[in-house]
Amino acid sequence: MSGFLTLNCPLILGSRSPRRAELLSQVGLSYSVRAADIDETPRDQEFPADYVMRMAREKAAALTAPESSAVLTADTSVVIDNAILGKPADDADAAAMLRRLSGRCHQVMSAVALRYRGVESHSCVVTEVQFASLEENEIAAYVAAGEGRDKAGSYAIQGQAAAFVEAIRGSYSGVVGLPLHETITLLRNAGVLACLPPCNPPCDKMSL
C-alpha cells in the first residue's frame, strides 16, 4: 500500500538512530541516511531546550548536500531537575538514572531541524513522562537486559520500559526520538512534501 505523503525532493535523514528511521518509514517516507559527527558536549549553564535545539541545528549544518535535497536532523534528551540525562556510561550509571526517574515525572525534549534550498526551519517538542515507582530488582533486571544502554535516560519507551510508564503527556514519537506531527509540519511548510489532494467533499481544515 502506497503512503499518502509524497516527497518533492530527496530526503536525507541525518541520524544513525534506527528508531528515527523506523518512524519516518512508518509514515511512508523514503530517505537516505547520512550522519555527521559533532561535539555533543553541553555548554556550561546551557538550558536543556537550548541544548537539544543547538544539537539538531549543528547536525544539519555539518552535513553537505545539494540544495535540491532536504536534510532532516534531530536530537532528544531526557531531562529531570533541569539536568540532562544522556546515554549511560555503564550499567551502574544506567541503574542510577532509573532510580532518579523512579516514581517521578520527567521531561523528554526532542528538537528537529530541516534545511532545504538554503533555508532552515526547526521545532522543539517537550513531553512529560510519569514513571512508576521501581523496585531494585526491576531496575537490576532491566539494566541486565541491556535495552537502555544506548538510550538517553537509560530506557526505551518503545521497548520493555513501556511497563514503567504510568502516563505520558505530549508526543509519544517525540519520546522515541522524532516527533512525527511536528516533523511532517516542517516538511510540509518548507515545500518538501507535495500538496495533499483536497477532501471530497471539501473540508475547512485538514489535519495529519
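First check a/c for segment 42-93, with a ≥ b ≥ c the square roots of the eigenvalues of its C-alpha gyration tensor; if it is under 1.5, answer rounded, and if not, answer prolate when a/b is larger than b/c or oblate otherwise.
prolate
When the gyration tensor of segment 24-176 is built from Cα positions, what are the square roots of 5 times its three eigenvalues, in whole Å, from largest to smallest?
Equivalent ellipsoid of segment 24-176: 30, 16, 14 Å, largest first.
Which value in deg cm²/dmol, rounded to the nearest 500, describes the helix-derived mean residue ellipticity at 222 nm for the chain, given -39,500 (n - 2.57) per DSSP H run of n ≥ 4 and division by the residue count?
Using -39500 (n - 2.57) per qualifying helix, the result is -8500 deg cm²/dmol.
So what's the net charge close to residue 64: Lys and Arg +1, Asp and Glu -1, counting the other residues with Cβ under 13 Å from its Cβ?
Result for the neighbourhood of residue 64: +2.
Quick check: net charge around residue 158, other residues with Cβ under 9 Å of its Cβ, Lys/Arg +1 and Asp/Glu -1?
Residues close to residue 158 contribute a combined charge of 0.
What net charge is computed for the residues neighbouring residue 33, neighbours being all others with C-beta under 15 Å from the C-beta of residue 33, Lys and Arg scored +1, Asp and Glu -1?
After counting each charged neighbour, the total is +3.
Throughout, read-outs are computed from the coordinates displayed, never taken from laboratory work. Since we're looking at a predicted model, the values are computed, not measured. Glycine gets a Cβ as well: all are built from the backbone with ideal geometry, and neighbour counts include every protein chain shown.
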